[in-house]
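Scroll down for the structure; my scribbles are underneath it.
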Amino acid sequence: MRGGDVPKVSVIIPTYNWSEVLPYSIGSVLRQTMDDLEVLVVGDGCTDDSEQVVEAIGDPRVRWHNAEQNHRDQAFVNQWALEHARSPVVSYLNHDDLYLPHALESMLATINAGATCCHGIVYMVVLDSRPLLGSTTADGFDPGHWMSPSGVMHTLDAGLQVGGWKRRIETGRVPQEEFWNRFLQAGYRFVPVPRVVSVKFPAAWRPNLYADRPSHEQEAWSARIRSEPDLERTLMADLLRHYSRDAVITPARAIQALKSRVRAFLTSPLKGRKRRKEIEHWKRVQAYKGLDPRTPDGDAAS
């Protein structure tokens, strides 16, 4: 892409103090089957060497910005990126997740066919367990559902029209689902893309990530993505083996539990004892991941 051209897709990567994984997530974007793109890596007040790691990649398509302070919420940095994206289409990739090479091309084809927003299949790697979908459904999105940003693409205009990303502290709800729901309220539909587009490593199920800052999983999976031409077929077969053929979209027990918790956040702002209980839960999740548990606002990587 030449410097003055408008990229076809702006990929938003929110990050916070985990520079070790950035070469892998950014690398998975730069190795897409299309190169007409930009990558906005936005730090939520990073204090480590993330800026130096991003700059060392040396690709003019990669842009770095760091917030002046840590807002402890992916929504803040996502909104900054949304307001500064150069492309009319945006997608998201959590800083510890990886795109498969066809991810952007397959989702963009759906947008170009007339969709305003779409989502591909996210393969979620669960330690010592079977793989799971990175969403509660694989064939659409409805209120009360959960869907990882690492498989979502939408037009920039629609994202801004529905109000953009709002922090949990503003809404009392999970930012990503609250944002997706506003698309539905505006009359848009998330069109499913029947391709595995990304590999997700859920931080909430990996203790002390932000203290230990490992990157061995990203390294190993990046090698697989680069060396196994039939990897998508393998991943799809893994998912199909664990979901019945007549109910492929049925979530596993862990996803069902997460869905119930998300629904509680989506219904109405929590009050009283119920809100205190949920705050304590999010504090425990933060501490488990190795993050400061003082507030329940979440973190930039989720």
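The values are calculated or read from the model by the stated rules, or taken from the named source; none is laboratory data. As the structure is a computational prediction, the values presented were derived from the model and not from experiment. As a convention, Cβ positions derive from the backbone with ideal geometry for all residues, glycine included, and neighbour counts pool all protein chains shown.
Brief remarks follow.
- Residues (in contact (Cβ under 8 Å) with a residue 12 or more places away in the chain, farther than 17 Å from HIS84 by Cα and out of contact with any strand residue (DSSP E or B) (no Cβ under 9 Å at 6 or more places or on another chain)) located in the stretch 58-69: GLN69
- Members of the stretch 111-151 that are in contact with a Lys or Arg (Cβ under 7 Å, 6 or more places away or on another chain) and of a type in the set (S, T, N, Q): THR136, SER148, SER150
- Among the residues of the stretch 213-239, those that are touching a residue at least 24 places away in the same chain (Cβ under 8 Å) and either surrounded by fewer than 13 Cβ atoms within 10 Å (Cβ to Cβ) or not in a helix (DSSP H, G or I) (or both) comprise ARG213, PRO214, SER215.
- In the stretch 145-152 there is at least one residue that is in a strand (DSSP E or B), among the β-branched types (Val, Ile, Thr) and touching a residue at least 40 places away in the same chain (Cβ under 8 Å).
- Flag if PRO131 is surrounded by fewer than 20 Cβ atoms within 10 Å (Cβ to Cβ), within 20 Å of PRO192 (Cβ to Cβ) and in contact with an Asp or Glu (Cβ under 7 Å, 6 or more places away or on another chain): yes
- Per this entry, LEU108 is not counted among residues that are in a loop (DSSP other than H, G, I, E, B) and touching a residue at least 12 places away in the same chain (Cβ under 8 Å).
- Candidates GLN52, GLN79, GLN74, GLN69, filtered to the one that is farther than 20 Å from SER198 by Cα, of a type outside the set (A, V, I, L, M, F, W, C) and under 15 Å from the mean Cα position of the chain (by Cα): GLN79
- GLY159 being part of a loop (DSSP other than H, G, I, E, B), farther than 21 Å from PHE201 by Cα, at pLDDT 95 or above and touching a helix residue (DSSP H, G or I) at 6+ places or on another chain (Cβ under 7 Å): no
- Single unsatisfied condition, VAL126 versus (1) modelled with pLDDT of 95 or more; (2) part of a loop (DSSP other than H, G, I, E, B); (3) touching a strand residue (DSSP E or B) at 6+ places or on another chain (Cβ under 6 Å); (4) surrounded by fewer than 20 Cβ atoms within 10 Å (Cβ to Cβ): (1)
- Of the residues GLU232, GLU217, the single one that is more than 18 Å from the chain's Cα centre (by Cα), under 26 Å from ILE26 (Cα atoms), at pLDDT 95 or above and not aromatic (Phe, Trp, Tyr) is GLU232.
- Considering only residues in the stretch 1-28 that are in a helix (DSSP H, G or I) and of a type in the set (Gly, Ala, Ser), the one that is surrounded by the fewest Cβ atoms within 10 Å (Cβ to Cβ) turns out to be GLY27.
- Test: residue in the stretch 29-36 that is at pLDDT 95 or above, acidic (Asp, Glu), in a loop (DSSP other than H, G, I, E, B) and under 18 Å from ARG167 (Cβ atoms): no
- Test result for ASP139, more than 22 Å from VAL29 (Cβ to Cβ), touching a Pro at 6+ places or on another chain (Cβ under 9 Å) and part of a helix (DSSP H, G or I): no
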